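Notes for the one structure printed next.
The values are calculated or read from the model by the stated rules, or taken from the named source; none is laboratory data. This structure is a prediction, so every number in the text was calculated from the model and none was measured. Using ideal geometry, Cβ is built from the backbone for each residue, glycine included, and neighbour counts are taken over all protein chains shown. To get the accessible areas, we keep the full protein, side chains included, count just its heavy atoms, and leave off ligands, DNA and RNA. Shrake-Rupley method; radii C 1.70, N 1.55, O 1.52, S 1.80 Å.
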Amino acid sequence: MTSLDTEKPAAPVNAAERALLRRIYEVLLLSRAVEERFWVLSRQGVASFVLTPRGHDVAQIASAAAIRRGHDSVWPYYRDMALALALGLTPFELFAGSLGRDCDPHSGSRQLTLHISSPRLRIGSVSSEIAAHLPHAVGAAYASRVLGDDRVAVAWFGDGASSEGATHEAMNLAGIHQLPVVFFCENNDIAISVPHHLQMPIASLAERGPAYGMPGVRVDGTDALAVYRATRTAVARARAGLGPSIVDAHVPRITSHSSQDDDQYRTPQEKAAAEARDPLPKLRAELLEFGLLAPGEEAQLQQAARARALEEADRALASPEPAPARARRWLYAGDPPHPELARLEAEGIGVGPFDDLDLPS
């Protein structure tokens, strides 16, 4: 198989793709700033558990640009902070949820950190059980088939999830009925601490596609345009009624699995190799090459991103914790919606980072 690590990044072919590259970079800087704030809060003992997308972030953001935001059905997993920002969630919403504030719009602080959801953006609420959301995505795709609409369901997951039985069940059912669903694997070659060769006897999850009756494609997850184009093709295929696809995005996991492990199961060479594939400097170099980023401009963008992350984290920290009297609210049907969720629903989905670009949908 071709080494994805050494392939030259895709070049933009039109103005929309050039603008997209620049916008992906801006969301990437915001994601890194939010992530840095989460680590500080964790070290201060304020945020108890941190899971970050570093290394996965470009793949998450670029794939998000390929869907119809607020229309298609989104099924993320706990490492998808950058995906959440690319879909239009705010840093405040992420901090409020992870810090367990009463205003958490995802669950009223009943979910674990970064278990995002949003009815207005059609982001499904998922459990911490690995791969359990893939059958949910297939169910949403089946619902679209029954209802006769053109919504596509997209599920993001890690390579560790591909070893779970739920993944087989989901892909098998999607293949049998040729449902409009895209399985997007963020393949970082390590499932918490288990290396790739102990998870699957093949080089890429994409190789399983034909066995399930769907195409599979492997793409360099640090190449923003390559990820966008591969996801766009899979989404367009599903929307046209041609069935499901697997996109296997090869990404580096630069940090530990979470703030709760010491990463000692990887050698220094393996950690260095992951850091060397950091997509941020790679994307920055592309922007400079294409004239989409002025020399010295990055510092201003980083400063603005960090200031926003700090301000929205502080605002979340200043928000009250859940009142004990609300402990049994929103557990059963019939309760009024959470006030923050009701407010966001009333406001609508707002403007997302890619909404004004002339991208094919």
Tensor-based shape of the chain (alpha-carbon gyration tensor, a/c under 1.5 rounded, otherwise prolate or oblate): rounded
Cα gyration tensor shape of region 242-295, rounded if a/c is under 1.5, else prolate or oblate by comparing a/b with b/c: oblate
Percent carbon-and-sulfur accessible area, region 163-305, ignoring ligands, DNA and RNA, probe 1.4 Å: 57
Heavy-atom accessible surface of region 26-71: percent carbon and sulfur, 1.4 Å: 47
Within the chain, helix-based [θ] at 222 nm, where runs of 4 or more DSSP H residues each add -39,500 (n - 2.57), nearest 500: -13000 deg cm²/dmol
Among Gln264, Gln111, Gln199: highest mean-square fluctuation, GNM of the chain, C-alpha pairs under 10 Å: Gln264
Neighbour net charge for Met171 - beta-carbon separation under 12 angstrom, K R +1, D E -1: -1
Heavy atoms of Val13: accessible area, 1.4 Å probe, square angstrom to 10: 110
Along the chain, longest interval not containing exposed GluC sites (Glu not before Pro), exposed being DSSP loop plus at most 13 other Cβ atoms within 10 Å: 130-361
Mean-position separation - Cα centroids, region 172-229 and region 57-118, in angstrom: 22
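Can you give the accessible area per residue of the chain, in Å², using a 1.4 Å probe?
For the chain, the per-residue accessible area is 42 Å².
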Global form of region 90-134, assessed from the alpha-carbon gyration tensor, a/c cut-off 1.5: oblate
Solvent-accessible ranking of Val40, Val74, Val351, largest area first, probe 1.4 Å: Val351, Val40, Val74
Estimated inter-spin distance, Arg315 and Asp358, nm [label 7 Å along Cα→Cβ]: 3.4
Choice from Pro105, Pro135, Pro339 showing the highest fluctuation, given a GNM over the chain with Cα pairs closer than 10 Å: Pro339
Extension gain from Ser125 to Gln260, taking 0.36 nm per residue of separation minus the Cα-Cα distance: 46.3 nm
Spin-label pair His71/Ala323, simplified geometry with 7 Å Cα→Cβ offset, distance in nm: 4.1
DSSP beta bridge pairing in the chain, given as percent antiparallel to the nearest 5: 10
Sequence-separation-based contact order of the chain, relative, with Cα cut under 8 Å and 6+ spacing, percent: 25
Computed label-point distance, nm, for sites Ile192 and His168 using a 7 Å Cα→Cβ extension: 2.0
For region 212-305: relative contact order, % (alpha-carbon pairs under 8 angstrom, 6 or more apart): 26
